[in-house]
1. Would you please put 164-172, 92-100, 270-278, 186-194 in order of how densely packed they are, using the mean number of other Cβ atoms within 10 angstrom per residue and starting with the highest?
2. Which entries in the list 101/272; 25/101; 60/272; 13/101 go over 31 Å, if you measure between the two C-alpha atoms of each?
3. On full extension of the chain, what length is gained from residue 160 through residue 283, given 0.36 nm per residue of separation minus the C-alpha to C-alpha distance?
Amino acid sequence: MPIRLAIHVGPHKTGSTSVQRALAKEREALAGLGVWYPPSLPGAAWPEQHADAWLLLRDKRLAEFDAYLASCREEAAKRGCDTLLLSSENFQVPRTRPALKRIMADWRRQTGGETRLIFVRRELVDLACSRALSHLAGETGFYFLHRYDLRRWASHFAIEQIRHERWFRRQRARFVALADGPRESLAARILAAATDRSFPGIVTGDDNVTAGRLASAPAILSYGLRVMHHYATGEGVNVPAAFAATLPVLGTPHLNEEAFAALTERFNAGVKREVKEGIDDFLRAGPLARQWRVWFEKTDIAGHLRR
């Protein structure tokens, strides 16, 4: 029987890390239920997910990716599994999509097996808030393109997110709504979308499911301190040594903790308000205006005008 290839593509801020941890923890149990969730590449920076496999696609190291995928398929066949499942939120990145389409077409042609893409959909304002706050807290290491104009950034984010969803709909991806079930069932619902079977025993932890969670003051302070550490040592802002260097400073803050907590609460409320207004700006426009704005941003005319 041909093996099905299923790829969970995230996107970011939809509980992907928690799902990947649950799948990795239950790897052997899942193999007994017909799903092989393979380990990542040897020496991978993210051993619980397949981001290193995504990097091979991004960098067009297709022969290496094909070899990795073939080894995963062989292991799935040896274990009697009918589904091979990969997961990395970076599989949804636009620059990877041509390679992703190619490997899925090759899989269908060479193995006769079905392919599926699985996309977790989160309510747009919540998704944008979570993404914006990860930028502000330095989790992603990116700076805003719009100079911290959250309202403009949110409108741009809505354009990009809708474009992502449209592309995956054209590929006939299976959509799983984050809000359609309890958070602890998310991995099981992704497995169901991959296989058409139920997995009630697979539980997603709540350590990194991002629904409803906003920024924390220590995370934002940590980013500033990690930037200082970077300029002092040359090390990256997201390496373990940078986090370790911030701990002694964060552990003894000389500030009014009550006032700081109140400021953080107002900050979170302000971020959510600005993000919602930016998304409303985009959604309030008619269909033709929205299409024009998508084209306007895609061609980078907006960027040239701002410069």
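1. Details: 164-172: 13.9, 92-100: 16.2, 270-278: 18.3, 186-194: 23.3.
Ranked from most to least packed, the peptides come out as 186-194, 270-278, 92-100, 164-172.
2. On the way: 101/272 36 Å; 25/101 29 Å; 60/272 38 Å; 13/101 24 Å.
Flagged as over cut-off: 101/272; 60/272.
3. Numbers: separation 123, 0.36 × 123 = 44.28 nm, distance 1.29 nm.
Gain on extension, residue 160 to residue 283, equals 43.0 nm.
Bear in mind that the values in this text are calculations on the coordinates, not laboratory data. Everything quoted here is computed from the prediction, not taken from an experiment. Counting neighbours? That spans all protein chains shown, and the Cβs are built from the backbone with ideal geometry, glycine included.
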